[in-house]
Amino acid sequence: MTVRCRFAPAPSGSIHVGNARSALFSWAYARRHEGSFVLRVEDTDASRVTEEAYRGVLDSLRWLGIDWDEGPDVGGPQGPYRQSQRMGTYREHVDRLLSTGHAYRCYCTDEERKAREQAAKARGEPAGYDGPYYRLTDQERAAYEAEGRPAAVRCHMPEHEWVVQDLVKGEVRWDAGQLRDFVLLRSDGTPLFLLAVAVDDMLMEVTHVVRGDDLLSAAPQNIAVIEALGGRAPAYAHLPQVVGPDRKPLSKRHGSTSLEAFREQGYLPEALMNYLALLGWSKDAETTIFSREELIGSFDLARVSSNPAAFDVEKLTWVNTHYIQSLDDDDLAARCLHFLSAEGLTPDPQVLKAAMPLVKERMRTLTEAPALLAFLFSDDVRPNEKAAQIIGRAPDGYLGALVDGLDVVEDWTAEQIPSALDRVAEAHVLNRTKGWQPARAAVTGSNVSPPLPESLALLGKERTLARLRAFSR
């Protein structure tokens with residue numbers, strides 16, 4: 001059997017990390033077994049879906065490192081891959097279900113449905129619709145049609161025990177009669193999730209469905225539709241929730257948790273992929289850092305935990321720091337460029353590359369690059385509050401002395417600059433820390449910077465002296 005997995009987002013906004021984790025596990029399983037990964041877009045709800053969000057979904061997945069073999073932008077033998085373009089297919093299969101008696105037209109009004117549900121609850125029966133329109137006679141049905149009463153289409157749920165052998169949850173059972181008949185097609189002709197997902201999984205020959213456990217209760221209904229159509233249901237793997245450090249479901253109170261947000265915050269895609277893989281899965285008992293290729297080579301749904309996984313931004317940042325430090329200078333410089341440009345900076349490529357070894361060990365995210373490097377690419381240096389205090393506390397004439405002391409340095413290198421700085425500090429009875437601080441504050445505008453001699457060497461002698469002179473007046 002060729003493994004075929006899919007991810008089916010509804011593009012109503014940015015992809016949340018919980019959905020991204022589902023996509024990642026589905027993709028990794030397909031790649032591990034040399035199968036196919038299908039991207040299918042659930043965009044039937046026109047009131048929520050936008051083209052901008054659709055394009056954003058594709059962009060975010062590609063940025064993370066997830067690719068697909070079939071999808072709306074690459075095509076494939078089972079297309080189209082947007083549900084909004086498959087309406088005829090859904091209606092065709094509803095007609096098949098109606099003709100075989102697996103589905104029926106339901107003329108129940110909202111008021112009637114609510115009253116019946118309340119009555120069933122009062123009798124202590126399972127919640128849900130009790131199917132009074134399942135066995136209408138032709139005469140009764142004709143009367144409703146003549147009345148012009150709108151009709152939805154419901155699937156009849158066989159009243160036997162349902163068992164799903166979930167690849168994560170294990171065996172899950174529903175008692176006979178616990179699962180009620182459910183709507184496939186609204187009275188306005190639009191399909192519901194329970195119809196569209198089942199038809200698509202069957203026609204696209206999906207063998208494994210990896211998704212969040214909030215959809216576990218839909219599994220027997222998906223299976224019922226597929227089997228009623230003569231198909232073979234896929235295997236299901238329902239992943240536990242991703243929760244916050246407080247063990248509560250991720251929400252706005254935990255901050256923004258979309259892929260786009262982490263991208264904008266300067267996290268590397270390979271770091272985020274690595275960390276998402278750790279949310280409920282492990283390669284072994286020790287390994288925390290692994291490449292995309294190592295993930296593919298090791299991924300197994302059998303190692304996915306059935307317990308909720310806590311999303312910890314601090315741990316993600318630790319993983320991100322590791323990946324930043326492992327990049328070569330050219331790669332890191334290229335990735336920093338976007339964030340520098342966003343701050344209005346136009347870096348010299350050679351200087352930017354040369355600065356990478358100075359900041360690599362100090363950066364946790366790429367958004368920190370402008371604060372660390374802005375002094376190299378802009379002469380509009382304005383000391384921050386702490387830097388201004390350091391300059392203000394410097395001994396009288398100290399910055400002027402730094403100008404004189406550095407002006408005589410002929411070989412302007414990181415090896416020669418320290419001795420010149422030290423001579424000025426010693427002349428004013430200052431240790432290196434206190435003696436170098438005013439120079440750092442005046443030249444970089446900050447109390448924190450890359451190593452000072454290397455920074456001055458990259459900045460150049462003329463620009464360094466000009467900045468010191470500006471504060472020595």
Practice problem: Filter region 429-438 down to residues that are surrounded by fewer than 16 Cβ atoms within 10 Å (Cβ to Cβ) and not basic (Lys, Arg) and give me whichever is nearest to Arg467 (Cα to Cα). | Solution: Thr433
Exercise. Report, by residue number, each residue of region 139-158 that is over 16 Å from Val183 (Cα atoms) and either modelled with pLDDT under 90 or in a loop (DSSP other than H, G, I, E, B) (or both).
Key: Gly148, Arg149
Practice problem: Would you check which residues across region 439-455 are closer than 16 Å to Leu399 by Cα and open to solvent by 30 Å² or more (accessible area, probe 1.4 Å) and list them? | Solution: Arg440, Asn447
Quiz item: So which pairs qualify, if the first residue must be in region 57-79 and farther than 16 Å from Leu24 by Cβ, the second must be open to solvent by 70 Å² or more (accessible area, probe 1.4 Å) and in a helix (DSSP H, G or I), the Cβ gap must be under 9 Å, and the two must be at least 6 apart or on different chains?
Solution: Pro72/Gln85; Gly79/Gln85
Quiz item: If Glu361 passes every condition in (1) outside any loop (DSSP other than H, G, I, E, B); (2) in contact (Cβ under 8 Å) with a residue 12 or more places away in the chain; (3) open to solvent by 20 Å² or more (accessible area, probe 1.4 Å) but one, which one does it miss?
Solution: (1)
Practice problem: Tell me which residues, restricted to region 35-73, are part of a loop (DSSP other than H, G, I, E, B), farther than 28 Å from Ile296 by Cβ and of a type in the set (Asp, Glu). | Solution: Asp43, Asp45
Quiz prompt | Failed item in (1) open to solvent by less than 80 Å² (accessible area, probe 1.4 Å); (2) free of Cβ contacts under 8 Å to residues at least 12 places away in the same chain, with Tyr133 passing the rest | solution = (2)
Quiz item: Does Met202 qualify as being within 13 Å of Leu97 (Cβ to Cβ) and open to solvent by 10 Å² or more (accessible area, probe 1.4 Å)?
Solution: yes
Quiz item: For region 344-352, does any single residue satisfy the condition of being open to solvent by 60 Å² or more (accessible area, probe 1.4 Å), in contact (Cβ under 8 Å) with a residue 12 or more places away in the chain and either farther than 30 Å from Thr413 by Cα or assigned to a helix (DSSP H, G or I) (or both)?
Solution: yes
Quiz prompt | Residue, nearest to Val38 (Cα to Cα), within region 73-117, restricted to residues that are at pLDDT 95 or above and of a type in the set (Val, Ile, Thr) | solution = Val74
Self-check item: So Phe262, is it within 18 Å of the chain's Cα centre (by Cα) and not charged (D, E, K, R)
Solution: yes
Quiz item: Within the group Leu195, Leu250, Leu272, which residue is aliphatic (A, V, I, L, M) and under 29 Å from Gln78 (Cβ atoms)?
Solution: Leu195
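Going by the conditions given, is Ala388 small (Gly, Ala, Ser), farther than 16 Å from Ser455 by Cα, at pLDDT 95 or above and under 42 Å from the mean Cα position of the chain (by Cα)?
Working: small (Gly, Ala, Ser): yes; farther than 16 Å from Ser455 by Cα: yes; at pLDDT 95 or above: yes; under 42 Å from the mean Cα position of the chain (by Cα): yes.
When the stated conditions are applied, Ala388 passes them.
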Practice problem: Keeping to region 391-426, report how many residues are open to solvent by less than 20 Å² (accessible area, probe 1.4 Å), assigned to a helix (DSSP H, G or I) and hydrophobic (A, V, I, L, M, F, W, C). | Solution: 9
Self-check item: Hits in region 288-297 - residues which are touching a residue at least 24 places away in the same chain (Cβ under 8 Å) and under 17 Å from Val319 (Cβ atoms)
Solution: Thr288, Ile289, Arg292, Leu295
Quiz item: Within region 314-343, which residues are hydrophobic (A, V, I, L, M, F, W, C), in a helix (DSSP H, G or I) and open to solvent by less than 60 Å² (accessible area, probe 1.4 Å)?
Solution: Leu316, Val319, Ile324, Leu332, Ala333, Cys336, Phe339, Leu340
Exercise. Restrict the check to region 173-185 and report whether at least one residue is within 26 Å of Thr89 (Cα to Cα), surrounded by 19 or more Cβ atoms within 10 Å (Cβ to Cβ) and out of contact with any strand residue (DSSP E or B) (no Cβ under 7 Å at 6 or more places or on another chain).
Key: yes
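The values are calculated or read from the model by the stated rules, or taken from the named source; none is laboratory data. Given the structure is predicted, the values throughout are model-derived calculations rather than measurements. Quick reminder, even Gly has a Cβ in these numbers, built from the backbone with ideal geometry, and neighbours come from all protein chains shown. SASA here: full protein model, heavy atoms, side chains in, ligands and nucleic acids out. Shrake-Rupley method; radii C 1.70, N 1.55, O 1.52, S 1.80 Å.
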